[in-house]
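For reference, the structure is listed below as structure tokens.
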Amino acid sequence: MKTQEFPFFSTKVEADGDPKSFDLTDASQRQEYFEYKAGAELKKLREYLKENTFIVYLLGKKSSGKGTYAKMFKEIVAPDKVEHLSIGDMIRSFDAVLHDPQGKEGLIEFLKQKYRGPMPLQDLIVSMEQRSTKTLLPSELILALTEREINKFGKKVIFLDGFPRDLDQVSYSLFFKNLIDYRDDPDIFVMIDVPTDVIDQRVKSRVICPICNTSRNIRLLPTKKVEYDQKDHKFYLICDNPDCPSVKSNGARMVTKEGDELGIEPIRSRLEKDETLMFQIAKMHGIKKVFLRNSLPTRLAKEYTDEYEITPEFTYNWNQAENIVEVSKRPWEVIDNDGERCNSLMPPPVVVSLIKQLVEVLDL
């Protein structure tokens with residue numbers, strides 16, 4: 001399956017009178033947007049979740065928005081019945097556990113009960129303590145640790161982000177629900193296609209606050225205050241996080257995180273591996289699948305989406321006469337993996353597509 005074979009999904013709504021418009025960065029308007037675009041499907045999902053749950057395996061390149069989409073689904077559909085579990089975050093969280101004698105003892109006792117695999121448990125613990133982030137832990141260990149985390153949630157919808165990570169883990173994931181006693185739940189593979197250029201440009205224009213580590217994007221998600229360095233001839237953002245100590249003194253200048261100027265180059269092989277895995281699973285039979293597109297060819301954007309659903313690109317101009325930065329925006333255009341001009345979509349329309357396709361594959 002090739003990238004261009006991911007189906008296009010329309011979020012257009014036929015309505016009498018003037019079409020509605022929403023600010024998708026505003027939480028209250030976002031809720032109204034979802035009811036307008038997918039109200040009938042939301043009602044069916046919420047009714048289904050009164051008695052039932054399901055498991056979602058999120059597949060896509062690193063930084064493709066998996067966590068964003070899962071968290072927005074939870075926010076909109078049923079905050080008390082949905083959980084997002086990032087395997088990477090879970091693994092990193094065990095660093096603190098392993099440095100706490102009581103926590104480490106509890107983890108070892110759990111793994112004695114649950115872990116089955118070719119590597120001795122003690123060697124696994126050492127590997128977790130000393131591992132490189134580039135080294136994948138054994139699949140059998142990931143399964144046991146994931147079960148430990150899921151047991152804390154109770155019976156809820158689970159969005160698993162980061163598993164499977166390799167081709168040899170696909171078979172594990174296909175039978176994973178049996179291992180965690182979710183035998184009656186459907187499992188669904190959600191595959192997310194994002195042009196590599198989108199990820200590359202997002203990384204290159206990302207900035208962080210050196211005080212509070214808040215992340216923003218000078219090209220796609222600016223703060224309320226943009227300034228101009230007349231010496232370096234560069235525009236920059238001022239942190240506006242109300243919890244940042246710097247805000248009391250007019251805010252800190254946000255900076256590029258070391259390495260971000262390289263874009264995707266440090267993770268190119270990882271992105272290629274993620275894409276290969278996704279397309280391998282897309283060819284498999286007997287599993288429920290949902291296909292999400294983060295972008296649409298520019299030539300089709302107006303046909304399939306409303307203008308406010310397209311990611312805006314912010315541009316800046318220094319008005320020297322008035323000593324101010326002028327901010328304007330336009331639809332963000334990138335080149336997709338097939339060499340075609342495309343528009344990136346805001347997260348909400350992608351989640352509308354997710355909601356409607358889930359209703360379809362669950363046969364609600």
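The values are calculated or read from the model by the stated rules, or taken from the named source; none is laboratory data. Quantities reported herein were computed from a predicted structural model and do not represent experimental measurements. Don't worry about glycine lacking a Cβ; one is built from the backbone with ideal geometry, like all the others, and counts go over all protein chains shown.
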Assuming residue 42 fulfils every condition listed in (1) out of contact with any strand residue (DSSP E or B) (no Cβ under 9 Å at 6 or more places or on another chain); (2) surrounded by fewer than 19 Cβ atoms within 10 Å (Cβ to Cβ) apart from one, which condition is it? (2)
Identify, please: which residue in the range 122-134 is exposed (fewer than 15 other Cβ atoms within 10 Å of the Cβ) and either closer than 14 Å to residue 105 by Cβ or touching a helix residue (DSSP H, G or I) at 6+ places or on another chain (Cβ under 8 Å) (or both) and is, among those, modelled with the highest pLDDT? 122
Failed criterion for residue 114 (all others in (1) surrounded by fewer than 17 Cβ atoms within 10 Å (Cβ to Cβ); (2) within 16 Å of residue 151 (Cα to Cα); (3) in the same structural domain as residue 277 (by TED's automatic domain parsing) hold): (3)
Cβ pairs under 9 Å, 6+ apart or interchain, first in the range 15-36 and among the β-branched types (Val, Ile, Thr), second surrounded by 13 or more Cβ atoms within 10 Å (Cβ to Cβ), ordered by first then second residue, are 25/221; 25/346
Taking residue 324 as the residue in question, decide whether it is within 30 Å of residue 223 (Cβ to Cβ), surrounded by 14 or more Cβ atoms within 10 Å (Cβ to Cβ) and either at pLDDT 95 or above or not basic (Lys, Arg) (or both). no
Can you name the number of the only condition in (1) surrounded by fewer than 20 Cβ atoms within 10 Å (Cβ to Cβ); (2) of a type outside the set (Phe, Trp, Tyr); (3) at pLDDT 85 or above that residue 158 fails? (1)
Failed item, numbered, when residue 78 is tested on (1) in contact with a Gly (Cβ under 7 Å, 6 or more places away or on another chain); (2) over 15 Å from residue 146 (Cβ atoms): (1)
Residue 56, sole failed condition from (1) within 27 Å of the chain's Cα centre (by Cα); (2) surrounded by fewer than 16 Cβ atoms within 10 Å (Cβ to Cβ); (3) outside any helix (DSSP H, G or I): (2)
Scan (1) outside the structural domain of residue 355 (by TED's automatic domain parsing); (2) modelled with pLDDT of 85 or more; (3) part of a helix (DSSP H, G or I) for the single condition residue 43 breaks and write down its number. (1)
Going by what's in this entry, would residue 81 be described as in contact with a strand residue (DSSP E or B) (Cβ under 9 Å, 6 or more places away or on another chain) and surrounded by 13 or more Cβ atoms within 10 Å (Cβ to Cβ)? yes
